[in-house]
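Let me begin by presenting the structure, written as structure tokens, before commenting on it.
The values are calculated or read from the model by the stated rules, or taken from the named source; none is laboratory data. Because the structure is predicted, anything quoted here is derived from the model rather than measured. Neighbour counts are summed over all protein chains in view; Cβ atoms, including those assigned to glycine, are modelled from backbone coordinates with ideal geometry. Areas reflect the complete protein model, heavy atoms only, side chains present, ligands, DNA and RNA absent. Shrake-Rupley method; radii C 1.70, N 1.55, O 1.52, S 1.80 Å.
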Amino acid sequence: AWWTPAGRRRARLRLRASSPRKQESGGNSGAFSLPSVVQYSYELAIGGETVSPEEWAALLASKSELVLFRGQWMQIDRTGMEEVLRLLEQPGEREMPLAELLQRAAGAEEEGIDLACDEAVTEMLERLRDPGGFLLAEPPPTFVGTLRGYQQRGLSWLHYLERTGLGMCLADDMGLGKTVQVIALLLMEREAAADPATHPGPTLLVAPTSVLGNWQRELHRFAPSLRSTLHHGPERPQDTKAFRQAIAGQDLVITSYGLLRRDQDLFLGEHWGRVVVDEAQNLKNPHAAQTKAVQRLKTAHRLALTGTPIENRLLDLWSLFHFLNPGYLGSATAFKKRFEAPIQREQDQARAATLKRLVEPFILRRVKSDKRIIQDLPEKVEQKVYCNLTPEQAALYQTVVDEVQGKLEAADGIQRKGLMLATLTRLKQICNHPAQFLQDGSPFLEARSHKLERVAEMVQEVMAEGESLLLFTQFTEIGDALEGLFRQQYRYPVLYLHGATSRVRREQMIQAFQDPASAPAVFILSLKAGGVGITLTRANHVFHFDRWWNPAVENQATDRAYRIGQEKRVFVHKMVTVGTLEERIDRVLEDKQRLAEGIVGSDEAWLTELDNAAFRRLIELNRAEAVIE
């Protein structure tokens, strides 16, 4: 019977964890007081039965690989047995940080360890793995407005998890109200600290410049009693004394990533009650100066807000957790070896499951498409709009493809990658419009680009229905040209937001577009400048004129319109030129959608990893399909 897999009994190290003190229920969150450490001890189990250190030592002393133990034969594997015995012989219970327990729990199967916890610790682990089980928290009376059910549950989760002393990430889908949940948390904290002496100090909020105005509006709307100050602009305090005077007595200090980096001596000189980073994908590069500045901030509590915790690749997740819980996922090198390479290159499902168990206690993610989360958001309809090339575009496209053939063989290293990226950009410009590629001041005529012709037709249809639209492009020269076309030729109300738009002008445009009394309008946005942090629910059509080739980034942009407050069905139109690299890359993304967030970069850099033959197949022109005479 021993020889059959079902009959074999294996020795397993068991980690027994228990709470160091009696747990008590309390609060609207239904949580109990969380320990920052747990008590633990090791024991050995064979076939589910506990084995004493003396029995294990006797097994270790056996000269045979097969031994009769408690009436059944079992095989002895001496690898690591002495180390296990040393663990078992350590007297009494010891203490382990909660973060380490979560690490051991996540990797237990991989390491061959059984985890046994007392009732209190088991309940805590179950809560962390299933945030949906939290009771709904009521915001304090100072909160002006009403939280949706999932937002109340999110508030419970934030309040509960913060007491572990570990960092957390609220990763709700774009438009589900991450901002309002944090505001309610700040109010809850202020209500709890009735004695000013017990107040933990101001929270520091770091966000992109583009969303600072949104935070101010939301604070004024939902929490007018919160004391906040904005550290921004030329009038901001720039010496330590003036800075401390400005933040004294504040509940919230708001600044941008750029100013945090520039004025980091001021921020690093303070100990913050909490640090909140909004649009936390800005921390994806661990070597960037702004990431390093955020990492160095002194605080007891860290909270990240992002709709895309993995925007480019799995290393983004490591960088995020290096801010939230430094060291929790190991070093960057160890993370790449243990997780990134096996998951992304080999699609190792076991490693992916281990990583999920590691991070899921600290990430709360809800999506708009889940009807259990939100029932009153209208449908989102996405479509690919397939376009052709004009003969002029096809001739230019083929010329660029021919030029790069010989150069590709002679180039290597950085030079080769630069050549590939430049080629991709030139071909995208041609697919958009010949005038963009030629840069010769020639007319931006619809007849020269089928894509422009098709977009113009669809925009006319939207405007004729009395509806507003968003039009995204990654090229400012196309944005400029589109603005001129729709303003001068079609006489439509047009707004254009790009990287050089001032914060004041940006807010004016958003307010004007959202005004229900204003006429329907065309809002053209640079993908980088307008893809995050703003609400544009007046629009119910979203056009992607040229593709960013990253589903996460495109979805972020779409969610400027598809978010809470949207009352109409949202139509998303993605322009694709057939027979060209646009169609082939779109097909790649469709084939790899499951792992797209981990594989595809935020630009075209991932495509430079292709070999020369694959790159040629990617960019070649299929004239029979592409060209419209």
| request: Please give the net charge around Ala332, taking every other residue with its beta carbon less than 14 angstrom from that of Ala332, where Lys and Arg add +1 and Asp and Glu add -1. | output: +4
| Ignoring ligands, DNA and RNA, what accessible area per residue does the chain give at 1.4 Å, in Å²? | 44 Å²
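Sort His433, His287, His232 by heavy-atom solvent-accessible area, probe 1.4 angstrom, most to least.
So, going from the largest accessible area down, we get His287, His232, His433.
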| request: Rounding to the nearest 20 debye, state how big the charge dipole of segment 416-550 is about its Cα centre with +1 on each Lys and Arg Cβ and -1 on each Asp and Glu Cβ. | output: 640 debye
| message | For semi-axes √(5λ) of the Cα gyration tensor in Å, pick the label among (1) 52, 28, 22; (2) 40, 29, 23; (3) 50, 35, 22 that corresponds to the value derived from the coordinates. | response | (3)
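With a cap of 12 neighbouring Cβ atoms within 10 Å, and only residues DSSP puts in a loop, list the GluC sites (Glu not before Pro) found in segment 326-413.
Qualifying residues, ordered by number: Glu379.
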| request: Loop only per DSSP, at most 14 neighbouring Cβ atoms within 10 Å: give me the trypsin sites (Lys or Arg not before Pro) in segment 524-562, ordered by residue number. | output: none
| query | Relative to the first principal axis of the alpha-carbon coordinates of the chain, what is the inclination of helix 391-410, with its axis defined by its Cα atoms, in degrees from 0 to 90 and to the nearest 10? | reply | 50 degrees
| Length-normalised contact order for the chain - Cα pairs under 8 Å, 6+ apart - percent | 13 percent
| What number comes out for the charge environment of Leu176, summing +1 per Lys or Arg and -1 per Asp or Glu over other residues with Cβ under 9 Å away? | +3
| task | Using the structure shown, select from Lys292/Lys336; Lys336/Lys356; Lys384/Lys417; Lys337/Lys417; Lys368/Lys428 the pairs with a Cα to Cα distance greater than 22 angstrom. | result | Lys384/Lys417; Lys337/Lys417; Lys368/Lys428
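What percent antiparallel are the DSSP beta bridges of the chain, to the nearest 5? Don't skip to the answer; put the middle values down first.
Details: 21 of 75 bridges.
Looking only at bridges with both residues in the chain, the antiparallel portion is about 30 percent.
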| task | Within segment 172-276, report the GluC sites (Glu not before Pro) that DSSP leaves as loop and that have at most 10 other Cβ atoms within 10 Å. | result | Glu235
